[in-house]
């Protein structure tokens, strides 16, 4: 049995999905977290249920790419049951989607999520709602698991009523529906006729092809006649009637309680009012930066000192146990890989992801989107681009996927390019902070971040001008602020950081052992020799740096880990000057997308654009390094 | 202002004389469910007051004055019927009875606003034409509604219509997010650098870009005076 979770954006589908299936789907408190559907199987009473978590959708019109993904699954898979997930605190909006699902003949089970929050505000009569709509209605709290069992029971136990709710449209629309339906065979359409005709009337291209050309032509005529008579498109009237009905139903099942604004409401308002919201936003962003730098730094120092006191002896013993150059190579390889993980992944990347998780779940990010939208338009972007960029500070891969929340392809490409080139991912941040930030002083790092910010603004402006199109406008829901659930934050951090251990660590381990061997047997110098004029002459860096640059293509953090391996010490200040570290960090900050980011870009934008972006970023990185080297040595 | 029974009579005669023939007293009585005597008495009274031309045995026809009153009431009746059926979802029969009662009570201002809200409907639910009003539709349709993008923070109002001439994708997006005629909307904040408006619609808060907001037309629920002032200000912007 196939079951699809469908609902407006940000109603908690993903977290409900995780609860039902036990499979981790990333969820956040902003619309558009899920851009591709996830699936997972659950066995219930001997039956296998396949659940699909779909991207949020307001209508079944397929406007943006995530809506198309949702609709595609619904129309092609034809799930046996659709769980419509609604935010219980605002039922109206979700009912409109439920109406459409019912019209199209889906067997719907309605899950009213966030029941705990709703209960504090008003009484929701789920039984009455179920009776009105003729479908099962279950109140759920996905975070705690309340109502999940009931929901799955309702899914398994089949329909409860023979008739589900039918929305009545105004008389003119009804007569048009009757006229268009006459003589059309339902089997040919593949959907209940009434629902399909309504979709056709709404101008939904995805439905047009289900009808004969005669009907399609008739529809065009009818739509223009309707327009002439009512001076408004028929879809406006259809929408109006659906909202009218939704409002009527909602008012029947919701008993409003008078509610005074709470402290949370007042704080929520302050974060949106420009006069207070902008200072708050700047403080939050600065706080994120400082936390990563200082909390990350403190954890790093602590971890490394513990590590040295515990493992230095055993690794020396290991080296002498195996003996000779092989012993040194092996023991150093393992030792330094562990150190690299402890000094980068755990302190900086982990801290960033925890903070990102808190920001995401608090519902704060959409406020930043709203406040910065005006400014973002100046560089050819949407305020919505902020979220992919923030995600990009974690990792470029999900950031590139997250650009799908942007409707236009052109903006997506600008956004992805800017993210890849000018937004440092957590690995790059760790490299910047862990090299020049640590050994040269925090101001060097700040200068690099400022350079990146200017690149972002200038490049954005240039791309915007080159592509000559106005950025599309913003329409995004702003959720209420809420206190993040530690469980969800930690779970997300775990999912996001898992790759560093599963993929990066073995790679690092093998790479470092191989390198150690090459170094121990004196082969390394022979390999890097030919690149010396470039690295030494142009960038002013030791020739072996080329190895770090090559590993930076695989994974950004490995470039720094390789530095540690190449020089045989984590105290980089002993082998490189602050200026050299600055040039190195600057090059790494804009350098090519890592192999994973490259692959995702390839999938999303095609070979041509991906190669352009890659070549551009290499050229930019080396030009910056080449310019910075002479300048900084003068300064 | 003419009284309720005057309006009832004139409306009835309006219907009976639709084919161009005078209305007989007996037909009037039958239709209004009263005795022929009182019908004849009332017709004579209305004739004296200048609403009717009445000739014994031939019947009554509306004078210009009578026609104006009857048309007005008919307009209100059919407009109300459309409103009751299309917006409130009432069935046709109930709506007719309800409209019969309301038509005498509804003010001209409300009539105008209902007409605007429904975007000047031409036919009532039964398919009969709704008599047109004297005002010019073009000026009226745009008058008490302003673009959502021009409202100040703290302003509220009801959505009258969406501007459908351009960008169907945007209109669809607006509809799907709940911006449909008849819903209440309020502007909470206007963000700097021509950024989006933060609006509240239903229980949902939405950051809406100005070009989206300019497609949504809202009638302010404030008094007409403040409203006109604002509009003049609004015009200054464009």
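The values are calculated or read from the model by the stated rules, or taken from the named source; none is laboratory data. Remember, it's a predicted structure, so these values are computed and weren't measured experimentally. Every residue, glycine as well, gets a Cβ built from its backbone with ideal geometry; the counts of neighbours run over all protein chains shown.
Being over 26 Å from the mean Cα position of the chain (by Cα), outside any helix (DSSP H, G or I) and either touching a residue at least 24 places away in the same chain (Cβ under 8 Å) or away from every other protein chain (no Cβ under 14 Å) (or both) is true for just one of A:541, A:508, A:518, A:481. Which residue is that?
Values: A:508 fails: outside any helix (DSSP H, G or I); A:518 fails: outside any helix (DSSP H, G or I); A:481 fails: over 26 Å from the mean Cα position of the chain (by Cα).
None of the others qualify; the one that does is A:541.
Which residue pairs have Cβ atoms closer than 8 Å, lie 6 or more positions apart in sequence or on different chains, and pair a first residue in segment A:154-174 that is under 14 Å from residue A:3 (Cβ atoms) with a second residue that is at pLDDT below 85 and in a loop (DSSP other than H, G, I, E, B)?
Matching pairs, first to second residue: A:156/A:45.
Please find, among A:415, A:433, the residue that is assigned to a helix (DSSP H, G or I) and closer than 30 Å to residue A:340 by Cα.
After ruling out the rest, the residue left standing is A:433.
Of these, A:195, A:158, A:134, A:139, which one is in the same structural domain as residue A:42 (by TED's automatic domain parsing), surrounded by fewer than 16 Cβ atoms within 10 Å (Cβ to Cβ), closer than 18 Å to residue A:82 by Cα and under 39 Å from the mean Cα position of the chain (by Cα)?
On the way: A:195 fails: surrounded by fewer than 16 Cβ atoms within 10 Å (Cβ to Cβ); A:134 fails: surrounded by fewer than 16 Cβ atoms within 10 Å (Cβ to Cβ); A:139 fails: surrounded by fewer than 16 Cβ atoms within 10 Å (Cβ to Cβ).
Every option except A:158 fails the conditions.
For the list (1) touching a helix residue (DSSP H, G or I) at 6+ places or on another chain (Cβ under 6 Å); (2) within 13 Å of chain B (Cβ to nearest Cβ); (3) not in a helix (DSSP H, G or I), I need the number of the one condition that residue A:232 fails.
Looking at each condition in turn, residue A:232 falls short on (1).
With the requirement that a residue be surrounded by fewer than 23 Cβ atoms within 10 Å (Cβ to Cβ) and away from every other protein chain (no Cβ under 14 Å), what does segment A:373-389 give you?
Hit for segment A:373-389 is A:389, nothing else.
Working only within segment B:99-125, note down all residues that are outside any helix (DSSP H, G or I) and either more than 16 Å from residue A:230 (Cα to Cα) or away from chain A (no Cβ under 14 Å) (or both).
Residues of segment B:99-125 outside any helix (DSSP H, G or I): B:103-107, B:118-125.
Correct list: B:103, B:104, B:105, B:106, B:107.
For segment B:218-230: of the residues being modelled with pLDDT of 50 or more and surrounded by fewer than 21 Cβ atoms within 10 Å (Cβ to Cβ), which is nearest to residue B:189 (Cα to Cα)? Reasoning before the result, please.
From segment B:218-230, those modelled with pLDDT of 50 or more are B:218-221; that's our starting set.
With surrounded by fewer than 21 Cβ atoms within 10 Å (Cβ to Cβ) added as a condition, the list becomes B:219-221.
On the way: B:219: 18, B:220: 17, B:221: 18 Å.
Among them, the one singled out is B:220.
Residue B:39 versus (1) part of a helix (DSSP H, G or I); (2) assigned by TED's automatic domain parsing to the domain that holds residue B:19; (3) buried (at least 18 other Cβ atoms within 10 Å of the Cβ); (4) in contact with a strand residue (DSSP E or B) (Cβ under 9 Å, 6 or more places away or on another chain): which is the lone unmet condition?
(4)
For segment A:206-228, enumerate the residues that are touching a residue at least 24 places away in the same chain (Cβ under 8 Å) and within 12 Å of chain B (Cβ to nearest Cβ). Quick ask: steps written out before the conclusion?
We begin by selecting, within segment A:206-228, every residue touching a residue at least 24 places away in the same chain (Cβ under 8 Å); these are A:206, A:211-212, A:215, A:218-219, A:222, A:226.
A:226, the sole residue that qualifies.
For segment B:72-91, indicate whether the set of residues that are surrounded by fewer than 17 Cβ atoms within 10 Å (Cβ to Cβ), away from chain A (no Cβ under 13 Å), farther than 22 Å from residue A:171 by Cα and at pLDDT 85 or above is non-empty. Break it down stepwise before answering.
Filtering segment B:72-91 down to residues surrounded by fewer than 17 Cβ atoms within 10 Å (Cβ to Cβ) leaves B:88-89, B:91.
With the extra rule that they be away from chain A (no Cβ under 13 Å), the set shrinks to none.
No: segment B:72-91 contains no residue that is surrounded by fewer than 17 Cβ atoms within 10 Å (Cβ to Cβ), away from chain A (no Cβ under 13 Å), farther than 22 Å from residue A:171 by Cα and at pLDDT 85 or above.
Can we say residue A:599 is free of Cβ contacts under 8 Å to residues at least 12 places away in the same chain, in the same structural domain as residue A:431 (by TED's automatic domain parsing) and surrounded by 14 or more Cβ atoms within 10 Å (Cβ to Cβ)? Reasoning before the result, please.
Numbers: free of Cβ contacts under 8 Å to residues at least 12 places away in the same chain: yes; in the same structural domain as residue A:431 (by TED's automatic domain parsing): yes; surrounded by 14 or more Cβ atoms within 10 Å (Cβ to Cβ): yes.
Considered against the rule, which asks whether it is free of Cβ contacts under 8 Å to residues at least 12 places away in the same chain, in the same structural domain as residue A:431 (by TED's automatic domain parsing) and surrounded by 14 or more Cβ atoms within 10 Å (Cβ to Cβ), residue A:599 comes out as yes.
Within segment A:82-102, how many residues are more than 9 Å from every other protein chain (Cβ to nearest Cβ) and outside any strand (DSSP E or B)?
8
When you check residue A:467 against the structure, is it closer than 20 Å to residue A:620 by Cβ, under 29 Å from the mean Cα position of the chain (by Cα) and either more than 14 Å from chain B (Cβ to nearest Cβ) or surrounded by fewer than 19 Cβ atoms within 10 Å (Cβ to Cβ) (or both), yes or no? Lay out the reasoning, then the answer.
On the way: closer than 20 Å to residue A:620 by Cβ: yes; under 29 Å from the mean Cα position of the chain (by Cα): yes; either more than 14 Å from chain B (Cβ to nearest Cβ) or surrounded by fewer than 19 Cβ atoms within 10 Å (Cβ to Cβ) (or both): yes.
In short, yes.
Yes/no per residue for (1) modelled with pLDDT of 85 or more; (2) closer than 19 Å to residue A:446 by Cα; (3) in a helix (DSSP H, G or I):
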| position | (1), (2), (3) |
| --- | --- |
| A:587 | yes, yes, yes |
| A:596 | no, no, yes |
| A:599 | no, no, yes |
| A:613 | yes, no, yes |
| A:623 | yes, no, yes |
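Just to be sure I understand, how many residues within segment A:279-313 are within 14 Å of another protein chain (Cβ to nearest Cβ) and buried (at least 16 other Cβ atoms within 10 Å of the Cβ)? Talk me through it step by step, then tell me what you get.
Quick first cut of segment A:279-313, residues within 14 Å of another protein chain (Cβ to nearest Cβ) only: A:279-282.
If we keep only those that are buried (at least 16 other Cβ atoms within 10 Å of the Cβ) as well, we get A:280-281.
Selection size over segment A:279-313: 2.
Residue-wise test of (1) farther than 28 Å from residue A:632 by Cβ; (2) touching a helix residue (DSSP H, G or I) at 6+ places or on another chain (Cβ under 7 Å); (3) free of Cβ contacts under 8 Å to residues at least 24 places away in the same chain; (4) part of a loop (DSSP other than H, G, I, E, B).
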| site | (1), (2), (3), (4) |
| --- | --- |
| A:500 | yes, yes, no, no |
| A:512 | yes, yes, no, no |
| A:531 | no, yes, yes, no |
| A:535 | no, yes, yes, no |
| A:553 | no, yes, no, no |
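Can you confirm whether residue A:400 is under 10 Å from the mean Cα position of the chain (by Cα) and within 13 Å of chain B (Cβ to nearest Cβ)?
On the way: under 10 Å from the mean Cα position of the chain (by Cα): yes; within 13 Å of chain B (Cβ to nearest Cβ): no.
It is false that residue A:400 is under 10 Å from the mean Cα position of the chain (by Cα) and within 13 Å of chain B (Cβ to nearest Cβ).
For segment B:173-224, which residues satisfy the criterion of being at the interface with another protein chain (Cβ under 7 Å from one of its Cβ atoms), under 25 Å from residue A:251 (Cα atoms) and outside any strand (DSSP E or B)?
B:173, B:175, B:176, B:177, B:178, B:180, B:181, B:182, B:183, B:202, B:203
Quick check on residue A:496: is it surrounded by fewer than 21 Cβ atoms within 10 Å (Cβ to Cβ), assigned to a helix (DSSP H, G or I), on the phi < 0 side of the Ramachandran plot and away from every other protein chain (no Cβ under 14 Å)? Show your work before the answer.
On the way: surrounded by fewer than 21 Cβ atoms within 10 Å (Cβ to Cβ): no; assigned to a helix (DSSP H, G or I): yes; on the phi < 0 side of the Ramachandran plot: yes; away from every other protein chain (no Cβ under 14 Å): yes.
No.
For residue A:164, state whether it is farther than 30 Å from residue A:484 by Cα, surrounded by fewer than 14 Cβ atoms within 10 Å (Cβ to Cβ) and at pLDDT below 90. Steps first, please.
Numbers: farther than 30 Å from residue A:484 by Cα: yes; surrounded by fewer than 14 Cβ atoms within 10 Å (Cβ to Cβ): no; at pLDDT below 90: yes.
In short, no.
Which one of A:70, A:88 is at pLDDT 85 or above and buried (at least 20 other Cβ atoms within 10 Å of the Cβ)?
Numbers: A:70 fails: at pLDDT 85 or above.
Being at pLDDT 85 or above and buried (at least 20 other Cβ atoms within 10 Å of the Cβ) holds for just one of A:70, A:88, which is A:88.
List the number of the failed condition for residue A:152; all other conditions in (1) out of contact with any strand residue (DSSP E or B) (no Cβ under 9 Å at 6 or more places or on another chain); (2) crowded, with 17+ Cβ neighbours inside 10 Å; (3) away from chain B (no Cβ under 14 Å) hold.
(1)
Out of everything in segment B:129-139 that is outside any strand (DSSP E or B) and within 12 Å of chain A (Cβ to nearest Cβ), what residue ends up being modelled with the highest pLDDT? Spell out how you get there, then give the answer.
Start the filter on segment B:129-139 by keeping residues that are outside any strand (DSSP E or B), which leaves B:130-139.
With the extra rule that they be within 12 Å of chain A (Cβ to nearest Cβ), the set shrinks to B:130, B:137-138.
Values: B:130: 83, B:137: 61, B:138: 56.
Per the criteria, the residue is B:130.
So, in segment A:175-184, how many residues would count as being in a helix (DSSP H, G or I) and surrounded by 14 or more Cβ atoms within 10 Å (Cβ to Cβ)? Don't jump to the end; show me each part of the working.
To start, the set of residues in segment A:175-184 that are in a helix (DSSP H, G or I) comprises A:175-181.
Then drop every residue that is not surrounded by 14 or more Cβ atoms within 10 Å (Cβ to Cβ), which leaves A:176-177, A:180-181.
Residues in segment A:175-184 being in a helix (DSSP H, G or I) and surrounded by 14 or more Cβ atoms within 10 Å (Cβ to Cβ): 4 in total.
Residue A:251 is checked against (1) surrounded by fewer than 19 Cβ atoms within 10 Å (Cβ to Cβ); (2) outside the structural domain of residue A:476 (by TED's automatic domain parsing); (3) modelled with pLDDT of 85 or more and fails just one. What number does that condition carry?
With respect to (1) surrounded by fewer than 19 Cβ atoms within 10 Å (Cβ to Cβ); (2) outside the structural domain of residue A:476 (by TED's automatic domain parsing); (3) modelled with pLDDT of 85 or more, residue A:251 is out only on (3).
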